[in-house]
Every structure is written in structure tokens, then in C-alpha cells.
Amino acid sequence: MILGWLLAILIAGGIVAWPLARLHPLLSRSIALLAVTLDLVLVLYLAARDFGDGNTGTGWHQELDWNWIPQFGIHFHFGLDGLSLLLVLLTLFLAVVAVVVSWDDITTAVGFYHFNLLLIVAGILGVLLSLDLFLFYFSWELMLVPMYFLISIWGRERRVYAAIKFFLFTQLSGLLMLIALLALYFAHYRSTGIYTFEYQDLLGTQLSPQAAMWIMLGFLAAFAVKLPIFPFHTWLPDACSEASAATNLILASLMAVSAAYAMIRFLLPLFPDAVHTISPIMIVLAVIGILYSAILAFSQTNLMRLIAYASIGHLGFVMLGIFAGNALALRGAVMTIIAHAISIGALFLVAGSIEKRVHSREIESIGGLWDTVPRLSGVALVFALAALGLPGLGDFIGEFLILIGTYQAHIAVAAVAACGVLAATFYALRFVQCAFQGPNHHSWQLPDLAPREALILGVLMVVLLWLGLYPQPVFETLGQAANHAPALWR
Amino acid sequence: MLRLLWLVPAIPLVSALALAVLRLSQKAVAWLGTCSIAASSLISLLVSISFVNAPPVSGAYTQVLWRWFDVNGLRPEIALYLDPLSLIMMVVVAFVSFLIHLYSTEFMSGDDGFGRFFAYMNLFVGCMLTLILADNLLLLYLGWEGVGLCSYLLIGFWYRDPANGRAGRKAFIVTRAGDTAMVIGLFLLFHELGTLNIQDLMHRAALQWSIGSTGALAAAFLLLGGAVGKSAQLPLQTWLPDAMAGPTPVSALIHAATMVTAGVYLIARMHVIYSLAPQAQFAVAVIGAATLLMAGFSALTQHDLKRVLAYSTISQIGYMFLALGVGAWPAAIFHFMTHAFFKALLFLGAGIVIESLDGEHDIFRMGGLRKELPVAFWTFLIAGCSLAGLPLITAGAFSKDWIIWGAYSAANGSAGLWVVALGGVFLTALYTFRMIFLVFFGQKKSQVTRMPGPAMVVPCIILAFLSIAGGYVKTLFSNYLGTVLHWDSTVTHGVSFGENTSEAITSLVFLLGASLAYMLFLRRRQWAASMVSRPMGNLLHRFWLSDWGMDWLYDRIFVRPVVWMARIGKGDLVDVFYAGIGRLNEIAWRGMSRTQSGKLRWYAAAIAAGAIVLIGVVIFS
């Protein structure tokens, strides 16, 4: 029942927050903050109740199953296990961060902004919780239009171009998934005589290898674009360079969470053989993506674009972990999803803070900030170090597990991908050098971190450090993923 | 007492955090930053005393703090491991760090980054101690990357000058290139042996791998990659001379006494693997021998006082690698210790000299400082003699003699390596006394503007004492470390003369080098000048001055291609494809919208033409 409340609170909060902004923007913001915080508290309560005792449960820890459209076999079916719990927590945590960050940054159409924001979070939660593939698709598409608005209304100069590009990429790939989903639905009907979108039922669908491959590719298209992976990534840098910092946090961090989750939850268990067949290609693409994006990140002059390419590089590691076919690597992939969302998200926030002070995203026109905003600079340094995979911070654990797992199966791939970690050093250090070090040419006299910024970034830093030094709780929760998780969990 | 071990790395780490977060006055920073290291070295001393008095039954003490993570058989712990090897490293590092921190309180006073400096330095000490005490390779790697980070931060400490930032990035990236090999070595070890715990690895390697097996070879070479990066050995030595951009205490602590010897420690720690991979171990010896000669030649030509010392460091670590490579493990660690004392002292002395001359680095613009800076002169002289290996008295002579003897007599030793090591002694004496003569003797060329205070002088005197006294604990090393590192001083391999003969020859070579320096750089300066002015001499001089052209080479084969790729790839070539699709759509749209001209006769004609085509298709198909 609580699972239903999670979504209901977000959607209701969004609907209420929209008109309230007419009375006072503060009302709208407070409602949004209340909604996401309430959700976070609810999930924390669930986590403490069901996951605290260290039992290795076999089923879903929480389940909710209502008939929605029985004629078509569509259910309103939610389930929560260790994997989804972790990512739901992460999503809501970053959603709170996004609302708080938007507090000052968003001044126009405040109500509509929060409506869209909450709807996106609801969509992501729907993806993370759905056990009915129609409901899953519905949630997947629910994110799309609000995100389009977030980019095209609160973005920078070329926001319309960026928003349309985002929309076309995700919409087209989403359509491919819809076709694949329907094909799976009818294939299941043909072999069993039952119309159903139930995850549990579709798991055992008999498919010819060709059919499985084509259907799998349809799903993969949507997931690969949204993650995004090389060579379907070009919408992300464009979108990130135009959207606001909080939007980027959601766009790059949270959408990637939902796409990576969908691969682990749906792609691997539904089509194990087809995934196995295609995995060499995906592994090569992942490694190319890691190196390619590192070089491109190194060359960017727009801060947000730089971070976007850094994000693509980390997601290349996630892809590698998912398709390496190894338990260590897969767990590393989950760890990287979490750590990436925090460290890259934080870098976007840092870039937003810089932009707010110097009114530019161009790395060349910043420079020498350490003189005037040492705290902001120090914080940025920490997140840049997380991005380059410094041990002791969360990203390292994930990438190390991915690489050590990949090594068991593909030695050369692991070796080349390890060079990707080295390449990450190039852009991370360039970012630090160009933005913060060097002489203070502009004679900036800027205010250092405001209490709210310090609080947010400080919390994110503590979480990264915790993930880097004591990640065991994450792996334990993950170990409690349900039986239906990919065979590699066990 | 042993249970206090965790405090040794923890105190500097916590104080680093405190220094980074809190806003303190300069005085408070100095107290906190120095006292934390003092506390850490005091505890390390207490722990050591109790370890030596009542050694654990197994010969080592392990302290598990918490389990890092536990995933499918990979279960590293945050755990510390104390045995004679890590004990000696820990005590030396903690103590030298304390002295250099004390020195820094005065050296850095007035700098607007005072708090930042001590935060980085404390973080460094914490990471270095973690590296030394780590009981598994993953934790060691954490410390390893941590010290690399601090090195980067401290080289670029004066960040307003972009050149310093460049030097810092170069150091970080070059060492990380080595670390990439090392981390792949970690994957290999885990894959083959199923653990990352160092003692378990040694144990299993000995059981599973035969001598010269592929696994052992690959692992040894990959770890060697990390070691040559961190210890600035061939072919990754290019970062260390540039690292001198950092404040002088940083050069003393990180780039002379402690961090750069981490590679030596790693190989000594993993010595079982190297014993199983004779070719890799021989490579260590060859790298050491080649590096000590090359860096010695480069040191001869430098003008910058700190760069002379940097090349000297590279060269001395080459000796340590040579010792490791021939299998004289304790000799390498012994030389690490004496080198930590005298090289730290040389840098601290150089700091005093440079500071007193308002930041003058060029040794050709110094001179005659013997009278003006007596303490600096005497301590520098003692350290220089120790570096060059003044026989019978100085610590450096004891440790170097041992290595030279090992190069000949140890398991993998040979006459060739012995000769190279002797050549190194000659070069060392030559460049050391060149430096001493040019800086402290001859004519006065610059005015002394600042005298060192007690916080700078006291550490120098203590280190000068250690640069002499440190040599008399050799037996402790050979007996105590011998058990851990499986080394027996009485065993020699195919020698035709004894240790005393080798030492006598070494002394002779030292005298030769020192007197040549005396001739060239004190009595007959014009000789040196005329050698350089000849075409051949000039060419060699330039070649050695530029570190054998390796920077130039790396710039062309690594740096430029990456920068070039980045420049042409900036706009994301993949996007050209998508933009092309967009263009195509636009063209199609233009073409189609042309037909919407609003002219009725065009529409009628189009309808008629379409109808004819359709009818034609129906009839003729």
C-alpha cells in the first residue's frame, strides 16, 4: 500500500503545487519539498522495517497489485526488493536536493516547474517499482514531456534545439520499445493463450532466438538512448549545456538510474540468451564510449558539456558491468550507478553555483576562483576527484568491481577500460585547473558557499565518502534482491 | 600498546580533515598540524617498542578495523599489518614527517595558504602511513593514490602560476599511468590467487606458481609499472624534476624522503612474487642500474639547486631498485632509511639557502655562503657527504656499500651491475661536491637577506645527526629484516673478492669523484667551462640537461596526439551523423513545400500525372 502512496503523494503534490504559485511561489516550493521529503521518509521507514534485520528474503519486500485494465491483462503492480529500494532511495534523495537547489535558481513559472519536477520523479519511481510492463512503459513515457518542458522553458540560449533533440531521441527509441513490448505480449499470448503484461509471467515466454533478439533490441534501443551509451549519446551534452543545474541533475543522474535499472531488471532476465549473444558488441561499445567521452570531456569548453561527457564515460562503465556477465561486475555497475548519480550530480550543482556567481559556463572565462571562493573550489575538487576514480570515494568501488569482474572474462577489455580511468584524470584535472587555479584575471570578488549550498554539497560529499569507505550496507541490501533478479545476483 | 596502531594513520587523517574544514589562525594551524604528526610518530615509536620487546607469535601483528566490503569472494578489510618491514618504514616516515612539519611552520609562515598547506601535508602523512601499514593491496592502493593526490596538490600548491599546476598534473598523470598497470596487476592477482590480502597472496603464490611461471611474471611486471611510476624510475621518471615547483618542504618530504620510495616498499612487500619471477626481478635491477646512471649524468648538468637534488633522488632510488633486483632486500630498505635522512636534510638546507637569497635557485648565482649560513653549510655538508658516501663515517656510505656489495655478491648480482653501481658512486660524488662547492665556496654573488629561525634549524641538526648515526644500525637491518625478507647475509654467490675489498674500491671511487669536483668546480672552473663549450661536450650537456630528451619524446608520442584528438573531436563526430539526418529532413521539407505553391494548374497537372502513372502501373504490371 505504501508503494501506491509514494506515487500518489508526488502526483498530488505536483497538481497542488502548480496553482499555488499564483498565491506565493514559496507555497509551491514548500509543497514540492514536502512531497519529496515525505516520500523519502516513507521509503526510509520501509528500509528500516524490512531490510534492517539482514534477512535474505526471497520474494518482494513490498508488493501492490491492483487490476487496471483486466481485459488486456494490465495490472497496477508494484514491487520492491533490495535493488529497487536502493535506487528509489537514491532518486528521492536527489529529488530533495533538486527541489532545494531550485529554491533560488528558478524564479519564473515556479508552479509549473515544480509540477513537472514532481511528475518526472513520479515517472522514475514508477519505472523503478513497476512489475507490469505496460505500467513500466507508461511510467517511462511519463518522464518525457515534463523533461521536455524543463529544458525548453528554464534552459539557456539554445534550449529549444536541445529540448527537441532530447525529445526526438527518447521518443523514437521509446516507440521501438513499445513495438517490442507488444511483440512480446502477443508472442506470450500465442504460446500460452493468456494476454498479460505481468513481469513474472513474461519471464518464461518461449521465443525463437531470432524473435528474442529483435524484441530485446527494441527494449535495448530505449534503454541505450536514455542511459545514454555511445553512439546514442549526443543528445545529452546538448541538453546539459542548455538546461539549468537542477535539471541536469535529474537528466544525467536520475534518468540514467532508471535506464540502468531497466537493463538489470528487465533486459537481463527477460532475454538472457539474446543478451549473451549481443554482449560482445555492447562491451566494445562501452569501452569505446569510456575512452571517447573522456577525450571529448577533455576538449570541452562549456562546463556543463564537460560534465555531461564525464557522465557518459561513467555510464560506459555501468554498461560494461551490466554486459560483462559477471557477478562482481554487475554489483559494481549498481554501485557505479549510485556513485555516479551523486558525484556527477554534485558536479552539475557546482557548475551551477559557479554560473550563478560569474554568469558564464565557459571554462575559459572563469579561472582563478580559488582566490575568492576557496570553499566552493575545495568542494569541487573533491567531486572532480570522485569522477577520476580516487579510492576512498564511491566511484572507485564501483569501477574497481566492474573492472575486476570484467577481467575474469575479458582480460584485454578490462585492461583497455582501466586506461579509461587514467583518461578521466585528464578532464578532471583540466576542470580543476581551468576553473579554480591560475591567476585571478578577472579580479573576481565573489561570495563563497551560501549555507544552503554548503549543506547540500556537504551531504553529498559525506555520502560519497561513506560509499567509498564502507559500501557494505549497499551490497547487503542488494543481496536481498528478489529471486527474479538476474541469475548473476546469486 | 599494539592496539594503538590504528591511531598512527588516523590522527593525521583526522587533523587533515579538521584543518580543511575549520577556520583557524595561523598559530593554531601550526600547532594542530605539527602536533598531530608528533603524536602520530610518538605512538608509532611506542607501538614499535612494544612490538620489538614482545613480538607476536606469528612475527606480525594484524589489526582489523572494519570489513571494507564483501562481494562474491572479494572481501578486503580495512586492516593494518605490522611486521619488521612496515615497522621500520612507519617509524622513519612518521619521524621525518614530524621534522619537516616543524620546519614548515616557519618556512611557510605568512603564506596565505598556510592552513591549506598543513591540511594537504597531514593528509599526505595519513595516506603514506596507510600505504605502509595496509594489510591488503586494495587498501595499499588507496594510500598509494592518496599520496599521489597530495603530491599533485602540493606541487601545484602555489596555484596562481599555471606552470605549477602543469607540473602537478604531469606528476599525477605520469604516476597514474604506472598505477594503471598496477591496478591491472591487482585484477590479475585476484583472478589467479583469489585474494588481495598480501600475506595470503605471498602464501598462495608460493604454492601455486612455479619459478618463472607466466602468472608470476605478469603480476611482477604489472606491479613494477606502478613502482616505476611512483618511484620515478625509467621510463616514468620525467615527472620528478618538474615536481620541484612545489614548496621546498614538500620536495623534502614527498619527493625525496617518503612517497617516491613507495615503489621500493611495494616491491619489497611483494618480494615473494619477484622471487618467483626472476626475469622481472632482473628487470628491476636493470631499471635501477640504468636509472642511477642516467639521472646521475643529468644531475651533473642542472643549474637549479632543487633539480640537482631531484635527479639525485632518482639516482638514489635507482640504487634501491638495484638492491631489490639483485635480491639484497634489506639493503634497499636500509638505503631508504639513510636516504630519507640525508636527502630530506639536503632539501631543507636548500630551502634555507633559497629562502635566504630571496628565491634564487641557480647554483651559479650562489657562492661563498659558508660563512653567512654556517648551520646550513655544516648540515648540508654532512648530508652531502652521506649522499656521496664518505666512507666509514656517514650513514649513506654504509647503506650504499651494502648495495654495491650486493650488486656483486647477491643471488642475482653480477660484475657488470657492480661496475655500474661504482660508476654511480663516481657521479654522485662529482655532482654532490659540484653543488657544495658552487653554493658554499668561492666568491659571494648574492646578498643573504633572511636568516633561518630555530624551527628551521633544529630539524636540520637532528637530521644531520641521523645522517651520520643512521649507519650504525646496519646489523639491526640485516638480522631483523632478514627474517621477513628471507635474506641471509652470509650467503654469497660466485665472488672472487670479499666485501672489504669492494668497500675499499668504493671509497677510492668516491675520492676520485670528490677530487675531480674539487678541480673542476673550485680550483679550475675554466676546465669545466671549456668542456661544455666544445661541440661534443655542449651536445652531451644539453642532452643530459633535458633528461636525455625523454620529455621531448613523450610530448610527441603521448601528449600531442591526445591534444590533437581532443581538438578535432571537440564537436563530437558522432553528432555529424545525426545532424546529417536533420539536414536531410530539412531538404526534404524544402522540396515538398515547394510543391505547395497555391497554383491550381500545377495541382491539376500533378493529379493528372499521378493518375497516368498509376494507370500505367496497373496496365503494364
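Tabulated results
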| item | result |
| --- | --- |
| Helices (runs of 4 or more DSSP H) wholly inside region B:136-228 containing at least 2 residues that are away from every other protein chain (no Cβ under 11 Å) and either surrounded by 22 or more Cβ atoms within 10 Å (Cβ to Cβ) or under 13 Å from the mean Cα position of the chain (by Cα) (or both) | B:137-155, B:198-208 |
| Checklist (1) more than 11 Å from chain A (Cβ to nearest Cβ); (2) among the charged types (D, E, K, R); (3) under 22 Å from B:SER15 (Cα atoms) applied to B:ASP83, failing item | (3) |
| Selection count where residues are surrounded by fewer than 24 Cβ atoms within 10 Å (Cβ to Cβ) and either of a type in the set (Lys, Arg) or more than 7 Å from every other protein chain (Cβ to nearest Cβ) (or both), scope region A:410-420 | 5 |
| Options B:ASP362, B:ASP358; residue that is surrounded by fewer than 24 Cβ atoms within 10 Å (Cβ to Cβ) and in contact with a Ser or Thr (Cβ under 6 Å, 6 or more places away or on another chain) | B:ASP358 |
| Flag if A:ALA32 is within 22 Å of A:LEU457 (Cβ to Cβ), of a type outside the set (D, E, K, R) and in contact (Cβ under 8 Å) with a residue 24 or more places away in the chain | yes |
| Checklist (1) buried (at least 24 other Cβ atoms within 10 Å of the Cβ); (2) part of a helix (DSSP H, G or I) applied to B:GLY413, failing item | (2) |
| Sole residue being assigned to a helix (DSSP H, G or I), among the aliphatic types (A, V, I, L, M) and exposed (fewer than 10 other Cβ atoms within 10 Å of the Cβ), chosen from B:MET536, B:MET550 | B:MET536 |
| Scope region A:470-490; condition polar (S, T, N, Q), touching an Asp or Glu at 6+ places or on another chain (Cβ under 8 Å) and at pLDDT 80 or above; matching residues | A:GLN472 |
| Helices (runs of 4 or more DSSP H) contained in region B:249-361 and holding at least 3 residues within 30 Å of B:SER446 (Cα to Cα) and not β-branched (Val, Ile, Thr) | B:278-301, B:305-326, B:329-356 |
| Residue among A:LEU315, A:LEU306, A:LEU296 that alone is part of a helix (DSSP H, G or I), at the interface with chain B (Cβ under 10 Å from one of its Cβ atoms) and buried (at least 24 other Cβ atoms within 10 Å of the Cβ) | A:LEU296 |
| Criterion: acidic (Asp, Glu), more than 7 Å from chain B (Cβ to nearest Cβ) and in contact with a Cys (Cβ under 8 Å, 6 or more places away or on another chain) - qualifying residue of A:GLU364, A:GLU355 | A:GLU364 |
| Single residue of region A:424-442 satisfying the filter (buried (at least 24 other Cβ atoms within 10 Å of the Cβ) and in contact (Cβ under 8 Å) with a residue 60 or more places away in the chain) that is nearest to the other protein chains (Cβ to nearest Cβ) | A:GLN437 |
| Residue within region A:446-455 that is aliphatic (A, V, I, L, M) and part of a helix (DSSP H, G or I) present | yes |
| Checking A:LEU401 against (1) touching a residue at least 12 places away in the same chain (Cβ under 8 Å); (2) more than 8 Å from chain B (Cβ to nearest Cβ), the condition it does not meet | (2) |
| Test set (1) of a type in the set (A, V, I, L, M); (2) within 14 Å of chain A (Cβ to nearest Cβ); (3) touching a residue at least 12 places away in the same chain (Cβ under 8 Å) - B:VAL71 fails condition number | (3) |
| Within region B:474-498, tally of residues that are touching a residue at least 12 places away in the same chain (Cβ under 8 Å) and assigned to a helix (DSSP H, G or I) | 9 |
| Test: residue in region A:272-287 that is of a type in the set (S, T, N, Q) and either within 11 Å of another protein chain (Cβ to nearest Cβ) or within 15 Å of the chain's Cα centre (by Cα) (or both) | no |
| Residue in region B:51-68 that is farthest from A:LEU393 (Cα to Cα), counting only those that are touching a Phe, Trp or Tyr at 6+ places or on another chain (Cβ under 8 Å) and away from every other protein chain (no Cβ under 14 Å) | B:PHE51 |
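One line per residue, one yes/no per condition, for (1) surrounded by fewer than 10 Cβ atoms within 10 Å (Cβ to Cβ); (2) closer than 24 Å to A:TYR309 by Cβ; (3) free of Cβ contacts under 8 Å to residues at least 12 places away in the same chain:
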{"residue": "B:MET565", "(1), (2), (3)": "no, yes, yes"}
{"residue": "B:GLY580", "(1), (2), (3)": "no, yes, yes"}
{"residue": "B:ASN585", "(1), (2), (3)": "no, no, yes"}
{"residue": "B:ARG590", "(1), (2), (3)": "yes, no, yes"}
{"residue": "B:GLN596", "(1), (2), (3)": "yes, no, yes"}
{"residue": "B:LEU600", "(1), (2), (3)": "yes, no, yes"}
{"residue": "B:GLY610", "(1), (2), (3)": "no, no, yes"}
{"residue": "B:PHE620", "(1), (2), (3)": "yes, no, yes"}
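The values are calculated or read from the model by the stated rules, or taken from the named source; none is laboratory data. These figures come from a predicted structure and were not determined experimentally. A quick note on method: Cβ atoms are made from the backbone with ideal geometry, for glycine too, and the neighbour counts reach across all protein chains shown.
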